[in-house]
Amino acid sequence: MTDFESFVSALRRRAARKPAHGAVRFSTGPAEESLTYAELDRAARSAAQWLRGRVATGDRVLVSCGPGTGFLRAFLGCLYAGAVPVPVPLPGGFGRQEARTTAIAADTGARLVLTDAAGLSAVERWLEGERTALAGITAAAVESAERAGDAEAWAEHTVEPDELCFLQYTSGSTGEPKGVMVPHGALVHNLRLMRDSHDWHGGMTWCSWLPAYHDMGLIAMMLAPLYLGGTAVLMSATEFLKRPVAWLRLIARHKADISCAPNFAYDLCARRLTEEQTAGLDLSHWRYACNGAEPVDAATLARFAERFAGAGFSPHSLLPGYGLAESTLYVSGTPVDEPPTVLRVDTGALAGGLVTEAESRSGGAVQELVSSGVVRGLDVRVVDADTGAVLPDGRVGEIWIRGDSVALGYWNRPEETERTFRAVTADGTGPFLRTGDLGALCDGHLYVTGRLKEMIIVHGRNLYPHDIERELRDLDPAFGDLPAAVFASCPGGSVAEEIVAVQEVHSRGVPAETLATLARTARARLAQRLGVRVGGVVLVKPGRIQRTTSGKIRRTLMRALFERAELIVLNEELSPELRAAFRTQGDAADATPGGRANGVGNSAGGVAVACGVGRDADEMRVLSVAEGGAWDPYALGRELEVRLGDPGDGRRAFSHRGSAQADRAEEFPADVCRELDALGLPRWFVPAPFGGELRSAEELSQLIRILARRDFTVALGHAKTYLGAVSVWLAGRSEQAGALAARVCEGAVVSLALTERAHGSDLLAGELRAERTAGGWRLDGEKWLINNAGRAELVCVLARAEPDGGSRGFSLFLVDKARLAPGTWRPLPRVPTHGVRGADISGVAFDGAELPADALVGAEGEGLEIVLKGFQVTRTLCSAMSLGMADHALRIATGFSRTHRLYGRPLAHLPHAARTLAEAYADLLAMEAASLVATRSVHTLTEELSAVSAVVKYLVPTLGDEVIGALRGLLGARAMLVEDFADGAFQKLERDHRIVGIFDGSTAVNLNSLINQFPVLARGYRKGLADRDGVTAAARLDGLPPELDHDRLTLYARAGVSVVQSLPEAVRRVKELAPPSVAERAVRLLALADEVHEELAAHRHSARAVPEAAFASASRYALVYAGAASLHLWLENRGGVVADSPLWHDVAWLDAVLARLLHRLTGTPDLDDADGPALDALLPALHTQHERGLLFSLLHCPLAEATGATSSTPADHPTLTASPKDAA
């Protein structure tokens, strides 16, 4: 026995001495979850007592929790129980991360996963999907353990310093992750090192977004404050990546002293955050801005210090450091209140392994090295990796460490443990930990120069990838602040290394020739700067550089992807040797701007692997962008436009003429759907976590919009597979979802069967029955008026499983027609319709159809709830169909008005015609504003979607009907022609568009849904409840929204609608930033919003007696939402990512949209033409977008039509253009 005080003992002492002191707070926007030391200690004792009945001392327990305090409580519960916690990410992220977690679980031999209540279903789905590989592992929620465990019965388990405390799996930047065995003594020693090196104490506050499974996040940001008696204030990493300013706001709000993050986080904040976002920030209390976990960039330090000096941030607070999991965490750090030490070194000398300060007047190349601070409490040597000789100051070698912070070794890897943890110097001193990192000691400071495994040796020169990556950033503005991955490749088995650089680049609208030139010149200029040959430069889209869970670039993996030809490239310039070794004829050399695979697909989680389906050569190669990169939701739409070609060319399968002919013949456009399947579009109906390409509702919305502007019948018939499958994505088991994903990727059609002939949309009255059998279920009954009922291979069927069960009496089943016995089902006759005449609308009847047990989707009795939650997503997406058809109608009318002459001049010159076009254009933009914000809200304001989806499903089709009706009046008789004008497209789209307001919930259904939520909408507005960060993320169009968390969907928006409830603040900002006319309209909108919410609060109704006035109020509320969405869009995007669009050169679009919405809200005629100037100012943008073949949109999207102004603009009609930069 020793007098060693373990972490648990220290924490118990803190809890006894200051039980009411705040231990941890977890922030989720405006709300915070907090625990005192007494509460945390009691929770840990309760969970530990429960755990002791299930695991033995030393057993490994995976700890996998979502955002909140659950992880810390579960981790401490394990320590209190004597178990060994193993932090891992919550399943449900990208496939590669989940596979990593599965490997960790198998490696540890864990029999239990401790999660939280919110994450339990995700963990269980993951375990179900991995039941073969992880047989026998069970899951439990820490909340249940705390309730069941008896805190008073718990007794502390005595531990020795060398006993295993926890397993920390490394992030694996140069190899596969390994489990580092951290003993109790090493943890305590490392915590004391940080305390003594930086004078940390219990009166301080820590603030962090780092994941709990990241060593810096766990040890420095969670365990250190608890060990010292301080307070840990936490937020989720997803929240930081989504809104980096939230991190800084949290630091300011809590006056935090300490916050650590990798270099990229500081760089992201310095580069991306606007003055408006950071206005009012006070960072003067932040004394310890620790920077580690990846190479520290001197330019980033300077940029961050300069950017936030106005917020009170001191450059002396920037504290670069060095550490690694194998040494628990901390090795060295910069002393507080001292500026970071930056050494300007001679690049040539550094390449030769010598750190020499460059002479001030030297003309040679210079590089800045940032000191990782000084070493205290550990023995750190710089050693020749080959000979073991200890090197003198200034010489670069491998960093070796020994001391009480060094871990025991790698779990289950004795040979690697011996090689890495038992190193001995040439003079016999040891054992040392070999870090694999390269560095030098100079004047007491440690400088880290790179990774031993990643170092590139060319002609005797040692080159470091991160240095070359920094050089790339400065080569061309196209590279901007995007990352690169540099590595060495040895072609053809040669020992000579070639430098290869994979660089992300913004490629939107960039011709292939330009990309080829960029790759070629980048290779030449990089070689010139380095003074050595560069073997290749590979250009890829943003988001393709692979990173570890802690953000480090996985250069070894990138090299493997390059050499296996599995990168999806935009263009590449390679040496003959590299091309001969790793490329075959026809590979990436002829890559297109859309990007194409030079192999079978992206092995790092790509669909070709996950869905088990190989890619055909003709499939589209557009990839969604990972978090943190540039975001372009129209990339898929533009690529699709190019692939499908000009719809005005009647020789094409997917042309306006072909669609009109199929409509007249009432034929389903099967050939067009097969063409879309061949292009790989079904992959975008499958979410990325299940192996598909879909990463945001916004992307799917734009795809649907592009299809609908060509032919609504095709859009409806093809994209309805997502509607059919969404219930499985939302609630299905992992195995069920994975199997369905594979089928959908192969082109299988999925339908959703809800309605019945006798009951229509009254789903609670449904009579189709599901009865339990010995082997599963039996279906009896009919579903009718079902889209794709005949074509579908699989059908999601809502069935009554409990005759008297009410809303909980319905279950949902995924029915595979091919698995049903003959005679137990039959298709019902096709139903002719007025619109979408070629659509496959019919039904299906079941007569004793036997289903296996695994056909059930979600839990028994949850069918109706699953369907209603799925509707919230699909109703939002329906707005894209209206946008596409309204675009087509406006394009027809604009083209006609510019070429048709009346009274000696073009129709577009006549005041009434010009006003009709302007009003239709403004209405279309209002529709788009509501749709854009609502679609991004699917991800950022998910809990509010029950109300938001009802708003847009009512409003956008309603305005679309009005737009198309007004344009019909402009076209006159031509609007009704079925052949001789515009291929009969206008009369078809007018008939088709009326369908949008009916399916997935009619206008009355959606207004009634809003009416049922009047009380919460009125209360939320009155109290000013709003997730302002969520609104900002919904309105900002320059970033990929976070992954949709289906578990956040609710049947009621319990706090109201943030977009509307943040309107007062938006109006205040508009008054400061916008011209007087716009500000005045914004103030009027706010006054009308107040009035509408007073109406909502005053309404009293029952489900059986809803007054007509309530429907009118709901309609006005939807208009207020559109106005608020428009204001938020303008505020968050002016001068930003949408600058390519002519609409963003001024505020005309917002002025006109507000004018139209106010006109509808007040219901008064504009007798004095007060709105005229605003509408007239919008016309130049309309004609510019028409002339240049652009989508009528707030975003920049070129279309495939051959539109040139020479053919559509009469000689005496002035061509209206925007600024020269739009010409591209």
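If the requirement is being outside the structural domain of L932 (by TED's automatic domain parsing), farther than 24 Å from L941 by Cα and touching a residue at least 12 places away in the same chain (Cβ under 8 Å), which of these qualifies: A688, A715, A697?
None of the others qualify; the one that does is A715.
Test G790 against the criterion of being surrounded by fewer than 23 Cβ atoms within 10 Å (Cβ to Cβ), modelled with pLDDT under 95, touching a strand residue (DSSP E or B) at 6+ places or on another chain (Cβ under 6 Å) and farther than 28 Å from P91 by Cα, and give yes or no.
yes
Return the residues of segment 863-897 that are buried (at least 24 other Cβ atoms within 10 Å of the Cβ) and in contact with a strand residue (DSSP E or B) (Cβ under 6 Å, 6 or more places away or on another chain); say none if nothing qualifies.
G863, I866, listed by residue number.
Please give the strands (runs of 3 or more DSSP E) falling wholly within segment 366-457 in which 3 or more residues are without any contact (Cβ under 8 Å) to a residue 60 or more places away in the chain and closer than 29 Å to R559 by Cβ.
397-402
Of all residues being touching a Phe, Trp or Tyr at 6+ places or on another chain (Cβ under 9 Å) and either of a type in the set (K, R) or assigned to a helix (DSSP H, G or I) (or both) in segment 660-681, which is nearest to D992 (Cα to Cα)? Just the residue, please.
A662
Do you know which of the residues in segment 493-544 that are outside any loop (DSSP other than H, G, I, E, B) and free of Cβ contacts under 8 Å to residues at least 24 places away in the same chain is farthest from P465 (Cα to Cα)?
If we take residues in segment 493-544 being outside any loop (DSSP other than H, G, I, E, B) and free of Cβ contacts under 8 Å to residues at least 24 places away in the same chain, then E513 is farthest from P465 (Cα to Cα).
To keep it simple, each residue is scored yes or no on (1) assigned to a helix (DSSP H, G or I); (2) under 24 Å from T773 (Cα atoms).
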residue: D804; (1), (2): no, yes
residue: R826; (1), (2): no, yes
residue: V836; (1), (2): no, no
residue: A839; (1), (2): no, no
residue: V844; (1), (2): no, yes
residue: G861; (1), (2): no, yes
residue: L868; (1), (2): yes, no
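Please determine whether any residue of segment 796-809 is farther than 14 Å from G724 by Cα, hydroxyl-bearing (S, T, Y), surrounded by 18 or more Cβ atoms within 10 Å (Cβ to Cβ) and in contact with a helix residue (DSSP H, G or I) (Cβ under 7 Å, 6 or more places away or on another chain).
No, the conditions are met nowhere in segment 796-809.
Among the residues of segment 698-731, how many are more than 22 Å from G858 (Cα to Cα) and in a helix (DSSP H, G or I)?
Number satisfying all stated conditions: 21.
Go through segment 136-187 and give me each residue that's assigned to a helix (DSSP H, G or I) and either out of contact with any Asp or Glu (no Cβ under 8 Å at 6 or more places or on another chain) or surrounded by fewer than 23 Cβ atoms within 10 Å (Cβ to Cβ) (or both).
Selection gives E143, S144, A145, E146, R147, A148, A151, E152, A153, H184, G185, L187.
What's the number of the condition N412 fails, among (1) polar (S, T, N, Q); (2) buried (at least 16 other Cβ atoms within 10 Å of the Cβ); (3) at pLDDT below 95?
(2)
Is at least one residue of segment 1009-1028 buried (at least 20 other Cβ atoms within 10 Å of the Cβ) and within 19 Å of L883 (Cβ to Cβ)?
no
May I ask you to say which residue of A708, A725 is crowded, with 24+ Cβ neighbours inside 10 Å, under 27 Å from E666 (Cα atoms), modelled with pLDDT of 95 or more and out of contact with any Cys (no Cβ under 8 Å at 6 or more places or on another chain)?
Checking each option against the conditions leaves just A708.
Kindly indicate which of L730, L768 is crowded, with 19+ Cβ neighbours inside 10 Å and over 28 Å from S121 (Cα atoms).
When all the criteria are applied, what remains is L768.
Tell me, which residue of segment 15-26 that is of a type outside the set (A, V, I, L, M) and either without any contact (Cβ under 8 Å) to a residue 40 or more places away in the chain or out of contact with any Asp or Glu (no Cβ under 8 Å at 6 or more places or on another chain) (or both) is surrounded by the fewest Cβ atoms within 10 Å (Cβ to Cβ)?
Filtering first and then ranking leaves R17.
Has segment 771-783 got at least one residue that is touching a helix residue (DSSP H, G or I) at 6+ places or on another chain (Cβ under 7 Å) and of a type in the set (V, I, T)?
No: segment 771-783 contains no residue that is touching a helix residue (DSSP H, G or I) at 6+ places or on another chain (Cβ under 7 Å) and of a type in the set (V, I, T).
Check A1055, A1112, A1097, A1105 and return the single one that is closer than 30 Å to W1149 by Cα and in the same structural domain as D1146 (by TED's automatic domain parsing).
Sole residue among the options that is closer than 30 Å to W1149 by Cα and in the same structural domain as D1146 (by TED's automatic domain parsing): A1112.
The values are calculated or read from the model by the stated rules, or taken from the named source; none is laboratory data. Quantities reported herein were computed from a predicted structural model and do not represent experimental measurements. Cβ sites come from the backbone with ideal geometry, for glycine too, and all protein chains shown count toward neighbours.
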